[in-house]
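Some notes on the structure that comes next.
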Amino acid sequence: MTATISLRQLEQKKSRCQGCQNDFYNRCDASGANRSSDGHCWSLPNAKLVYRWRINMWTPMDRRDRFTKVRVYDCFHGEGNQRDIYMKRLPQHLGGDWADSREAKEHEGGPR
């Protein structure tokens, strides 16, 4: 089910898409034509801001202080060979803490 949102809301949401591999569909090609039939990434209307643990894909996951808690869309995927990885939970050997407490409750079957 696709959410119905205004063009203004879509434009505001696009500002948080920078760095996502699907941001390609939010931009125009050299001729000025959009790269998608809708003029935006297909995930954007339903995208929700969530917390994630960010770490670069080349950084060892051996210390908790190498992770940064950030807010991104739930559909965000990095691009390129130097991209960051966005994890819902820290690795188990670092405590396994969830980045977003709402998602932790949903996972455990608690109230939404």
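The values are calculated or read from the model by the stated rules, or taken from the named source; none is laboratory data. In this text the structure is predicted, and so the values were computed from the model without any measurement. All Cβ positions, glycine included, derive from the backbone under ideal geometry; neighbour counts span all protein chains shown.
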Which pairs have Cβ atoms under 6 Å, sit 6 or more apart or on different chains, and link a residue in segment 1-14 that is surrounded by 10 or more Cβ atoms within 10 Å (Cβ to Cβ) to one that is acidic (D, E) and at pLDDT 80 or above? none
Flag if R102 is on the phi < 0 side of the Ramachandran plot, surrounded by 13 or more Cβ atoms within 10 Å (Cβ to Cβ), outside any loop (DSSP other than H, G, I, E, B) and at pLDDT 90 or above: no
Could you list all residues from segment 56-69 that are modelled with pLDDT under 95 and either assigned to a strand (DSSP E or B) or under 16 Å from R16 (Cβ atoms) (or both)? N56
Does any residue in segment 40-68 that is free of Cβ contacts under 8 Å to residues at least 24 places away in the same chain come within less than 6 Å, Cβ to Cβ, of a residue that is surrounded by 17 or more Cβ atoms within 10 Å (Cβ to Cβ) and aliphatic (A, V, I, L, M) six or more places away or on a different chain, and which pairs are these? R66/I55
If I go through segment 61-112 residue by residue, how many of them are in contact with a helix residue (DSSP H, G or I) (Cβ under 7 Å, 6 or more places away or on another chain) and of a type in the set (F, W, Y)? 1
Which condition from (1) closer than 26 Å to T4 by Cβ; (2) assigned to a helix (DSSP H, G or I); (3) at pLDDT 80 or above is the one that H93 breaks? (1)
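Only one residue in R66, R102 is under 25 Å from Q12 (Cβ atoms), of a type in the set (D, E, K, R) and outside the structural domain of D23 (by TED's automatic domain parsing), so which one is that? It would help to see each step written out before you state the result.
Values: R66 fails: under 25 Å from Q12 (Cβ atoms).
Result: R102 is the single residue among R66, R102 that is under 25 Å from Q12 (Cβ atoms), of a type in the set (D, E, K, R) and outside the structural domain of D23 (by TED's automatic domain parsing).
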